[in-house]
Amino acid sequence: MGFSGVDTLDSDGVVRRLRTAPDELTPAEARSVAATLLADGAFSEPYCEWLPTWYELALIAPVRYADRRLRRVAAAVTEGASVTATAPRFSRPTDVRIDGAPALSRVSGFRERFLLADSLLHLEWFDHVAAADGIEVSTDLVARTREESLSYYGGDRDRFSPDVRRFQRHLFADDRWVRRVDEAYSLDSRLFGLWERLLRDERRRLAAD
């Protein structure tokens, strides 16, 4: 997307130090790592609220456990570098109206809710983490992406403006992250497979649109 600041941190170097010598993280690196962990931990519970009740009930316990674990790791990282980091507040359906209507009033199926939730919450996740990494993301682009995405996936809009479509195509690329997590932990999870397929198909559809 051409954002300024993408090279502020050496991401590969940060990953290596986090694995082998976390005490050697610089304050900027520690802040980035902690902000990402906190955002990851806070992401899933609000996401569940956008999806059918059966999904939320099935995942709420492991989601909260993962959040606690990630918060503990983030706290250790920030303490070691004497920095602070915060978690973002993600939107929940009760917070949002789309084209004047309740957020979930025009979506019903799992796929529709999943894409609506990802289009909004992944945008919020990226905006928070990018700020911690020193990446400059246009506030106008974020605002337009939020507005257009809500209306496109949950309202009346039938197409994205070109830069918003490109931005969302990149945001939907987390299908690759889902696959790596599934493979790294040998989960062979049908749920992870479903997430990956939905995200990949939407990313490809946006690329071809």
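Screening C48 against (1) assigned to a helix (DSSP H, G or I); (2) over 18 Å from L120 (Cα atoms); (3) open to solvent by less than 70 Å² (accessible area, probe 1.4 Å) leaves a single unmet condition, (2). Would you mind stating whether A103 is of a type in the set (A, V, I, L, M) and farther than 25 Å from V6 by Cβ? Yes: the conditions hold for A103. Of all residues in the range 152-163, those satisfying the criterion of being out of contact with any strand residue (DSSP E or B) (no Cβ under 6 Å at 6 or more places or on another chain) and either open to solvent by less than 20 Å² (accessible area, probe 1.4 Å) or not in a helix (DSSP H, G or I) (or both) are D156, R157, D158, R159, F160, S161.
Any residue in the range 75-87 that is in a helix (DSSP H, G or I), touching a Lys or Arg at 6+ places or on another chain (Cβ under 8 Å) and either at positive phi or of a type in the set (G, A, S) (or both)? Yes. The residues of the range 84-100 that are of a type outside the set (A, V, I, L, M) and open to solvent by less than 60 Å² (accessible area, probe 1.4 Å), listed by number, are P88, F90, S91, P93, G100. Only one of the numbered conditions (1) open to solvent by less than 70 Å² (accessible area, probe 1.4 Å); (2) within 19 Å of the chain's Cα centre (by Cα) is violated by L9, and that is (2). Taken together, A66, A103, A81 contain a single residue that is touching an Asp or Glu at 6+ places or on another chain (Cβ under 9 Å), closer than 30 Å to D156 by Cβ and surrounded by 14 or more Cβ atoms within 10 Å (Cβ to Cβ), which is A103.
All of D118, D127 fail the test of being open to solvent by 30 Å² or more (accessible area, probe 1.4 Å) and either in a helix (DSSP H, G or I) or closer than 27 Å to P22 by Cβ (or both), apart from D127.
Would you be able to say whether some residue in the range 164-180 is open to solvent by less than 30 Å² (accessible area, probe 1.4 Å) and either in contact with a strand residue (DSSP E or B) (Cβ under 6 Å, 6 or more places away or on another chain) or not in a helix (DSSP H, G or I) (or both)? So far as the range 164-180 goes, no, none of its residues is open to solvent by less than 30 Å² (accessible area, probe 1.4 Å) and either in contact with a strand residue (DSSP E or B) (Cβ under 6 Å, 6 or more places away or on another chain) or not in a helix (DSSP H, G or I) (or both). For the range 106-113, check the following and say yes or no: at least one residue is open to solvent by 70 Å² or more (accessible area, probe 1.4 Å) and part of a helix (DSSP H, G or I). Looking through the range 106-113, at least one residue is open to solvent by 70 Å² or more (accessible area, probe 1.4 Å) and part of a helix (DSSP H, G or I).
The values are calculated or read from the model by the stated rules, or taken from the named source; none is laboratory data. What you are looking at is a predicted structure, and each value in this text was computed from that prediction instead of being measured. Here Cβ is always computed from backbone atoms with ideal geometry, including for glycine, and neighbour counts include all displayed protein chains. Remember, those area values only see protein heavy atoms, side chains included, never the ligands or the DNA or RNA. Shrake-Rupley method; radii C 1.70, N 1.55, O 1.52, S 1.80 Å.
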